[in-house]
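No lab work stands behind these numbers, since they all come straight from the coordinates. Everything numeric in this text was worked out from a predicted model, so none of it was measured. Methodologically, a virtual Cβ is constructed for each residue, glycine included, from the backbone with ideal geometry; neighbour enumeration extends over all protein chains shown.
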Amino acid sequence: MKHKILNILSILCALLFLNGGFNKLFNYIPVPTDLPPALVADNAAFMEIEWLMPLVAVIEILGGLLLIFRKTRAIGALVIFPIMCGILLIHATVAPSGLPLAIGLSCILGWIMIENKNKYLSLLD
């Protein structure tokens, strides 16, 4: 039962990252008008570096695709981990309204990583 729940949560997490990545590339979700000014300034700073958002988008799409399949889930979690750290920091410091979702995604990612700790330990040998 635990593996079924983890599979469902992993797929939901993957779909969120896929949606986020594709939205960064194709801008199909309208930007809310009531964003905090600090978040708007941060986004403007990120957009100054032309290659940064496409890179984050590709990493989110790749990580999302890897999270879908059980066989590649461990490497997908490693790919998504730095992006998830950035998401947590942004929401903890600038846009706390999104913090509950960011914490939830972090917990799912942490659970995936804990379930695959043996695969990670072999990388350190």
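Which order do ILE83, ILE103 fall in if you start with the one that has the fewest other Cβ atoms within 10 Å? If you can, show how the numbers build up before the last one.
On the way: ILE83 18, ILE103 13.
Fewest-to-most ranking of ILE83, ILE103: ILE103, ILE83.
Mind listing the phi-derived Karplus ³J(HN,Hα) values for the range 17-29, rounded to whole Hz, using 6.51, -1.76 and 1.60 with θ = phi - 60°, and x for any glycine or proline?
In residue order, the calculated couplings are 5, 4, 4, x, x, 5, 5, 5, 7, 10, 6, 9, 9 Hz.
Find which of ALA77, ILE114, ILE29 sits farthest along the positive direction of the dipole of the chain, computed with +1 on the beta-carbon of Lys and Arg, -1 on that of Asp and Glu, about the Cα centre.
Sorting the options by dipole projection puts first ILE114.
DSSP loop (so not H, G, I, E, B), at most 10 other Cβ within 10 Å: list which GluC sites (Glu not before Pro) in the range 9-67 pass both filters.
Details: sites: GLU48, GLU50, GLU60; in loops: GLU50.
Here the GluC sites (Glu not before Pro) that fit, given the DSSP loop and packing criteria, are GLU50.
Using the structure shown, select from LYS24/LYS119; LYS24/LYS117; LYS4/LYS119 the pairs with a Cα to Cα distance greater than 22 angstrom. All intermediate terms of the calculation are to be shown ahead of the outcome.
On the way: LYS24/LYS119 31 Å; LYS24/LYS117 31 Å; LYS4/LYS119 20 Å.
Flagged as over cut-off: LYS24/LYS119; LYS24/LYS117.
Any chance you could check the Cα centroid distance between the range 97-125 and the range 28-56 for me, in angstrom?
26 Å
Per 10 Å bin, what percent of the C-alpha pairs of the chain does each bin hold, from zero upward?
Taking every Cα pair in the chain, the percentages come to 12, 41, 33, 12, 2.
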